[in-house]
Amino acid sequence: MLSDAELEQLRSILAPKQNIVVCCHKSPDGDAMGSSLAWASYLRRTGDEGRKVTVVIPDSAPDFLRWMQGYKDVVRYEKDKELVQTLLDEADLVCCLDFNMLSRTEMMQDVLAQCEAPRLLIDHHIGPDIETVMSISHPEKSSTSEMIFRIIEQMGGYDDMTRSEADNIYCGMMTDTGAFTYNSTDPAIFYIIGRLMEKGVDKDEIYKKVYHNYRMLALKLRSYVIWRKLRYIKALHAAYFTLTKAEMERFHYLKGDLEGLVNEPLQVRGMKLSISLREDTEQDNLVLVSLRSSNGFHCEEMARTYFNGGGHADAAGGKLYCSIKEAEAIANKAILAYRGKL
């Protein structure tokens with residue numbers, strides 16, 4: 001993945017650094033956490049004695065990811081702003097993983113922007129827009145976790161890769177591809193899976209930890225959305241659902257309860273587009289949008305054009321600063337605008 005010149009540049013950037021901060025985007029998913037934790041572990045074991053590497057995240061990961069090795073040592077900005085500020089003030093390198101612009105860190109954006117340490121970007125999202133000393137950007141890769149594996153391997157770090165690093169990388173790759181159901185056609189991905197399993201990864205156990213970890217109320221909430229809230233536009237092979245703050249409160253919503261639900265409508269034969277519209281639980285007039293696509297339609301352009309977002313060809317997201325009713329109207333407008341492709 002990296003040329004010889006890029007490898008040499010990366011080595012020269014990393015070698016002298018003693019105080020490194022690794023950070024990822026707000027509401028970290030499996031790829032953000034997997035890549036960040038694995039990269040931090042690699043940096044610790046390959047650096048000089050005394051090297052300090054800290055993973056900093058804007059807010060907590062969902063419950064089904066907190067088993068990941070190293071998560072208990074992560075510093076959350078929402079919980080300890082002063083410590084994060086101190087870590088960034090002392091940092092001589094900031095590694096930005098799995099996000100392409102500082103705004104993806106939301107409440108942590110300003111402190112990151114003001115940090116004087118050089119930045120290293122490792123990411124697979126389209127259109128990176130962060131000032132860095134080096135940007136490793138490969139939107140064609142399945143996940144940032146895949147990129148981390150490739151970099152570690154190229155840097156000669158595979159032989160000493162720990163089981164926990166392998167577990168975290170596998171989890172990141174699995175979750176960012178829907179358990180390898182999209183963004184995963186490159187045969188090299190399955191070579192990487194094999195290499196990770198050689199390190200002891202139990203892929204079935206990781207699957208259970210992530211996907212078989214719901215509370216009963218979460219299952220009822222997901223069922224409620226499918227039964228009562230899903231709107232199916234058969235002629236355009238599209239579906240969407242809305243969810244209000246009050247409805248989530250009714251089911252005692254916890255972060256992660258709706259993870260992956262936007263993918264479910266794609267199980268319908270011929271379905272090309274699924275959209276989730278969910279009110280933010282903390283801020284009024286903010287609707288969080290997730291899009292998934294299949295069968296030859298790609299949703300990333302729609303996310304940019306109508307939902308102030310972006311992402312990948314078949315997995316994108318965005319935000320709308322309006323009521324849920326207005327957001328539903330925008331979603332319908334977007335679907336109709338793309339009816340020629342749907």
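Per residue, the average separation of C-alpha pairs within less than 8 Å and at least 6 apart gives the chain a relative contact order of 13 percent.
Per residue, the accessible area of the range 241-342 comes to 48 Å², computed with a 1.4 Å probe over protein heavy atoms only. Sorting the segments 121-127, 213-219, 328-334 by their mean number of nearby beta carbons within 10 angstrom, highest to lowest, gives 121-127, 328-334, 213-219.
Pulled fully out, how much extra length does the chain show between residue 228 and residue 211, if you take 0.36 nm times their separation in residues and subtract their Cα-Cα distance?
3.8 nm
Take the Cα of residue 49, step 7 Å toward its Cβ, do the same at residue 285, and the gap between the two points is 5.9 nm.
Quick one: with all protein chains in place, what share of the accessible area of the range 48-191 is carbon or sulfur, to the nearest percent (1.4 Å probe)? Walk me through the intermediate numbers first.
Details: 2740 of 6180 Å².
In the range 48-191, the share of accessible area belonging to carbon and sulfur is 44 percent.
Taking +1 at the Cβ of each Lys and Arg and -1 at the Cβ of each Asp and Glu, which of 39, 87, 22 sits farthest along the dipole of the range 6-87 towards its positive end, judged by Cα position relative to the Cα centre? Projecting each Cα onto the dipole axis, the largest value belongs to 87.
Averaged per residue, the range 1-92 has 44 square angstrom of accessible surface, using a 1.4 angstrom probe with ligands and nucleic acids left out.
The equivalent ellipsoid that matches the C-alpha gyration tensor of the chain spans semi-axes of 34, 22, 20 angstrom, in descending order. Taking the empirical scaling 2.2 N^0.38 Å for compact globular proteins as reference, the range 201-342 has a Cα radius of gyration ratio of 1.05. Pairs exceeding a 27 Å alpha-carbon distance, out of 141/229; 234/333; 52/79; 72/229; 17/208: 141/229; 72/229; 17/208. Remark on the range 1-107: ratio of C-alpha radius of gyration to 2.2 N^0.38 Å is 1.06.
The values are calculated or read from the model by the stated rules, or taken from the named source; none is laboratory data. The model shown is predicted, which means the values in this text are computed figures rather than measured ones. Here Cβ is always computed from backbone atoms with ideal geometry, including for glycine, and neighbour counts include all displayed protein chains. When the accessible area is computed, the model is the full protein with side chains, heavy atoms only, and any ligands, DNA or RNA have been set aside. Shrake-Rupley method; radii C 1.70, N 1.55, O 1.52, S 1.80 Å.
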